[in-house]
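Structure first, then comments.
What follows is calculated from the coordinates using simple rules that are stated; it is not laboratory data. Quick caveat: nothing in here was measured; it's all calculated off a predicted structure. Backbone-built Cβ (ideal geometry, glycine too); neighbour counts: all protein chains shown.
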Amino acid sequence: MTTGGRLSPDRYPTEFVAALTEHGWLAALIPERYGGSGLGIGAASAILEEVCASGCNAGACHAQMYTMGTILRHGSDEQKAEYLPRIAAGELRLQAFAVTEPDAGSDPTRIKTRARQVEGGWVVDGQKIWTSRAEHSDLMVLLARTTPADEVEKRTDGLSVFLVDLRDRGSQLTIKPIATMMNHAPTEVFFDGLELPAAALIGERGRGFR
Ligand SMILES: Cc1cc2nc3c(=O)[nH]c(=O)nc-3n(C[C@H](O)[C@H](O)[C@H](O)COP(=O)(O)OP(=O)(O)OC[C@H]3O[C@@H](n4cnc5c(N)ncnc54)[C@H](O)[C@@H]3O)c2cc1C
C-alpha cells in the first residue's frame, strides 16, 4: 500500500527484509558450520544500528537474527542440522516468537497457553498477543505451559518451548493482525487444539523459561 507514492509506514517491508537476508546480514549470528557468518553480538548490533541510522526500522528484521539462538543453544543435533542451514540460506524465516499473552506481559510465568502431551506429540490451546511478524515468518518459537502453575514448585518451572510451523495452518491456528503505526506487523495468535509433533519440543520439557 502506498500513500502519495511513499510506502505506507505500517506496511511490512518484505522486499527490504528479503534483500538483507539475501546478502547474509541476518545470518550474522549463525555459526559458519551451519552456513552463517559466525559473528558475535557486537557485530550483529552494529548491523542493526546501521539499519536504524539509515532511517529504517530494525524491528522488522532483527528477530530473524536472534530467534534461531533458541535452536542453536537448546535444540537437538537433528533440529540444528534441519533448521539452521536453511535459516542461514534465507530459505526459512524464523522471526516470530510468542511469549506475551493478554494477562501475561512483563511476567511470562503467568502465561495460560497450555501444551498437553498426547501420544506422538502435543496439543496446544490458548492465545498470544503482540506476536510480531507471525504473518511474515515460516516458523515461530512458542512458550507454553506444560505443567499447571499450581503443580510446580517454582512458577518458572513447567514452561516449555516449541517450534511451530506456520506455513500449513488450518483452523487450529489463527493469526489476526493488530493495526499499529509501526511496520513490524504485530498480531494476535489463537491456538485451538493445535497438534504439534513430538519433535517440535526444543530443549527439555519444563525448562523453557530458562
Ligand atoms: C509493538 C510491540 C511488539 C511486540 N512484539 C512481541 C513479540 O514479538 N513477541 C512477544 O512475545 N511479545 C511482544 N510484545 C509484547 C511485549 O514484550 C510486552 O508488551 C511487554 O512484555 C510488556 O507486557 P505488557 O504489555 O503486558 O505490560 P505489563 O506487564 O502489563 O506492564 C505495564 C506497565 O507496568 C510495568 N510493570 C509491570 N510489572 C511491574 C513490576 N513488577 N514492577 C514495576 N512495574 C511493573 C511495566 O514496566 C509497564 O510499564 C510486543 C509489544 C509491542 C507493543
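Summary table
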{"quantity": "Calculated SAXS-style log₁₀ I(q)/I(0) at q = 0.12, 0.16, 0.20 Å⁻¹ - the range 86-210, Debye, Cα scatterers", "calculated": "-0.42, -0.75, -1.15"}
{"quantity": "Dipole axis of the range 96-202 (+1 Lys, Arg; -1 Asp, Glu on Cβ), positive-most option in Ala134, Gly121, Leu166", "calculated": "Ala134"}
{"quantity": "The chain - mean residue ellipticity at 222 nm from DSSP helices (-39,500 (n - 2.57) per run, n ≥ 4, rounded to 500)", "calculated": "-6000 deg cm²/dmol"}
{"quantity": "Global geometry of the range 2-92, whether rounded, prolate or oblate, following the gyration tensor of its Cα atoms and the 1.5 cut on a/c", "calculated": "prolate"}
{"quantity": "At most 14 other Cβ within 10 Å, DSSP loop - GluC sites (Glu not before Pro), the range 95-194", "calculated": "Glu119, Glu153"}
{"quantity": "Euclidean distance of C-alpha centroids, the range 44-88 and the range 142-157, integer Å", "calculated": "27"}
{"quantity": "Two-decimal Rg to Rh for the chain - Kirkwood Rh, Cα set", "calculated": "0.97"}
{"quantity": "Lysines with Cα under 25 Å of Lys176, excluding same-chain neighbours fewer than 8 positions away", "calculated": "Lys112, Lys128"}
{"quantity": "Which of Met140, Met181, Met68 has the fewest Cβ neighbours within 10 Å, and the rest in rising order", "calculated": "Met181, Met140, Met68"}
{"quantity": "Charge sum, other residues only, whose C-beta stays under 13 Å from Gly121's C-beta, Lys/Arg counted +1 and Asp/Glu -1", "calculated": "-1"}
{"quantity": "Sorted by Cβ neighbour density within 10 Å, fewest at the top, the residues Val164, Val189", "calculated": "Val164, Val189"}
{"quantity": "For Tyr83, net neighbour charge (Lys/Arg +1, Asp/Glu -1) across residues whose Cβ lies under 14 Å away", "calculated": "0"}
{"quantity": "Relative contact order (percent, whole number), the range 1-137, Cα cutoff 8 Å, 6+ residue spacing", "calculated": "19"}
{"quantity": "Ranking of Trp25, Trp130 by count of other Cβ atoms within 10 Å, fewest first", "calculated": "Trp130, Trp25"}
{"quantity": "Theoretical gain in end-to-end length, Ser45 to Thr156 [0.36 nm per residue, Cα-Cα removed]", "calculated": "37.0 nm"}
